[in-house]
């Protein structure tokens, strides 16, 4: 019997004790111990006790992960435990790329897909990509209009990472009858954190590259870029187009998009490449005399 409860064996005493116990449990459940932080601590504490052999459980929960999911009103981040091993995986499905056979949670029937999508609306977040091996229609709605979503998440993620690493423009669906450009949310969900950070930098670089006066540093190894305020002056004036990287100090010529040409103005540099003589006008004048 829990400490603090006494019984004389009568029915009334048992009811009173049960009522007190229920109230005690209610007060504990609604107190500070019910916060997400406390639940996380409790989860870790009990897990350690079980692993060490000091505590036993009557059922096996399998893999339990606490996911950070945004509340529906967008004002809080909730710590939600997910019991992965409780999902039923009764349907087998092959990936169209790697040919791997996976056990999936739902079938490909319209009824199953609609039922699953309803759950995703009620419980949003990235967790479905951890449960299923194939992306749901809500993640790739435009792709779903052109082809079946029968490429596993591993293959999509691997492809996205390769495209982001190669920096060959927008990341598009690799199905020939689709070509949909993946949006920010899709890259974030499917490519992984590291690839997504690089993708964000590439997107920013693409925007900046279209800005007047923007130039990447031309020194090998430097990844800095900046917008330069280049004066619209006669390029015969010494160093009028001379700029420097504010990160490494490398000197460049904005007009010629190369390292700075020491000892020559931009006009002299042009003359040197066109005629082999940076002072071609002066040379011609002397020849006419």
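The values are calculated or read from the model by the stated rules, or taken from the named source; none is laboratory data. Being a predicted model, the structure only gives us computed values, none of them experimental. Backbone-built Cβ (ideal geometry, glycine too); neighbour counts: all protein chains shown.
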Name the residue, out of 82, 77, 50, 41, that is modelled with pLDDT of 75 or more, farther than 30 Å from residue 155 by Cβ and within 36 Å of the chain's Cα centre (by Cα). 77
Within the stretch 118-147, take every residue that is more than 20 Å from residue 188 (Cβ to Cβ) and touching a residue at least 12 places away in the same chain (Cβ under 8 Å) and give me the one that is surrounded by the fewest Cβ atoms within 10 Å (Cβ to Cβ). 146
Kindly provide the set of residues from the stretch 249-276 that are within 13 Å of residue 215 (Cβ to Cβ) and not in a strand (DSSP E or B), ordered by number. 250, 254, 255, 256, 257, 260
Scanning for something over 26 Å from residue 104 (Cβ atoms) and assigned to a loop (DSSP other than H, G, I, E, B), does the stretch 198-207 turn up at least one residue? no
When the residues of the stretch 183-197 are narrowed to those that are part of a loop (DSSP other than H, G, I, E, B) and in contact with a helix residue (DSSP H, G or I) (Cβ under 7 Å, 6 or more places away or on another chain), which ends up farthest from residue 155 (Cα to Cα)? 192
Subset of the stretch 96-116 [touching a helix residue (DSSP H, G or I) at 6+ places or on another chain (Cβ under 6 Å), at pLDDT 90 or above and surrounded by 14 or more Cβ atoms within 10 Å (Cβ to Cβ)]: 97
Filtering the stretch 121-175 down to residues that are out of contact with any helix residue (DSSP H, G or I) (no Cβ under 8 Å at 6 or more places or on another chain), in a loop (DSSP other than H, G, I, E, B) and within 29 Å of residue 83 (Cα to Cα) yields 123, 124, 125, 127, 148, 150, 151, 152
Which count do you get for residues in the stretch 214-235 that are part of a loop (DSSP other than H, G, I, E, B), over 25 Å from the mean Cα position of the chain (by Cα), at pLDDT 80 or above and surrounded by 14 or more Cβ atoms within 10 Å (Cβ to Cβ)? 4
